[in-house]
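The values are calculated or read from the model by the stated rules, or taken from the named source; none is laboratory data. Predicted, not measured: the structure shown is a model, and the values here were computed from it. Cβ placement follows ideal geometry from the backbone for every residue including glycine, while neighbour counts extend to all protein chains displayed. Protein only, heavy atoms only, side chains kept; ligands, DNA and RNA dropped before computing areas. Shrake-Rupley method; radii C 1.70, N 1.55, O 1.52, S 1.80 Å.
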Amino acid sequence: MLGWFPGHMNKARRQIKEALPEIDVVIEVLDARLPYSSANPMLAELNHHKPVLKILSRADLADPERTRQWTDYFNSQPDTRALAVTTTQSRELKPIAALCHELAGHIRADRDVRVMVMGIPNVGKSTLINGLAGKKIAKVGNEPAVTKRQQRIRIGHGIALTDTPGVLWPKIEDQASAFRLAASGAIRDTALDYVEVATVAASELLARYPEALRSRYGLSEEDMATGDTALAAIARKRGGLRSGGELDLHRGGEVLLHELRQGTLGRLTLEGPEDIRLVEELRAEREARKAAEQQGAPSASGE
């Protein structure tokens, strides 16, 4: 489990909870390459059953077929719509205002639809808000947690936005999600072992997109046996061979993760809707095991 709850994120949680009663619609910005892992269950808990527009950002980096599966999945849920976009392309953002009005239902003609934008750090929230406003309002950066406080912004089209700082949850229970977030850059590179993140990413890509790795790095069948062998081969081929024949796996990891994040490996998605069922089954097993252990534990009196 990965713990991550800086003070400003704790404050942001309180701010979100206080502001939500006045909000009509929640926009949750997700990374189209990992729509499950980049969704914050704490935000779902806070949102008080508000209608939700799921924005799958970075759609230009994601597998188009997988993105279609994800939008179908979200659109099948009550009071939920989904739209896949590249947040830097303003024409792709045009349907958002109409979708917010649709989700909000009947709102008095003399007031705006009040929309709160949520999302984990480094998922494209600020770029989305700037695109909707048509000018630079929210600060943009390639490091997690650039936005540090709430901002309220009128963007026209009868929409008033409340931006929130990117919030990660206190503990990421699903280890696979933690590694996918780290591979995407949502979690700082210092939060997990860098080589381990790159090795897990290589394993994921071998399972989902083996040809992308083979063609990009010229890997042999032997190189593609495991994530470890793939990362070692990438290091060997991309400047990670030290004098004496020692491999610099960190260098290999830098190459792989950088090219994965930049889209150099192609349009890739690291999870599908079917992965949710697997995670939920594992969580249910874990909770059942924990409950059984608690029932079998001796009482405080020793009886």
Legend entry - Members of the range 224-263 found to be open to solvent by 10 Å² or more (accessible area, probe 1.4 Å), outside any helix (DSSP H, G or I) and over 17 Å from LEU34 (Cα atoms), listed by number: THR226, ARG238, GLY239, LEU241, ARG242, GLU246, LEU247, ASP248
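List the helices (runs of 4 or more DSSP H) inside the range 57-108, counting only whole elements, that have at least 2 residues being acidic (Asp, Glu) and modelled with pLDDT under 95. Reasoning before the result, please.
Working: elements: 64-75, 90-93, 95-104.
So the answer is none; nothing clears 2.
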Inset, instruction - Output yes when any residue across the range 38-49 is at pLDDT 95 or above, open to solvent by less than 60 Å² (accessible area, probe 1.4 Å), in contact with a helix residue (DSSP H, G or I) (Cβ under 7 Å, 6 or more places away or on another chain) and hydrophobic (A, V, I, L, M, F, W, C), and no when none is. - result: no
Inset, instruction - Out of the residues in the range 159-180 that are touching a strand residue (DSSP E or B) at 6+ places or on another chain (Cβ under 7 Å) and not β-branched (Val, Ile, Thr), state the one that is modelled with the lowest pLDDT. - result: PRO170
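For GLU221, are the conditions met, namely being open to solvent by 80 Å² or more (accessible area, probe 1.4 Å) and in a loop (DSSP other than H, G, I, E, B)?
Values: open to solvent by 80 Å² or more (accessible area, probe 1.4 Å): yes; in a loop (DSSP other than H, G, I, E, B): yes.
In short, yes.
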Legend entry - Residue in the range 50-74 that is most open to solvent (accessible area, probe 1.4 Å), counting only those that are among the aliphatic types (A, V, I, L, M) and under 19 Å from ARG208 (Cα atoms): LEU61
Inset, instruction - Determine if the range 23-34 includes at least one residue that is more than 30 Å from GLY158 (Cβ to Cβ), within 17 Å of the chain's Cα centre (by Cα), modelled with pLDDT of 85 or more and part of a helix (DSSP H, G or I). - result: no
Inset, instruction - Please give the number of the condition SER215 fails out of (1) part of a loop (DSSP other than H, G, I, E, B); (2) exposed (fewer than 15 other Cβ atoms within 10 Å of the Cβ); (3) at pLDDT 95 or above. - result: (1)
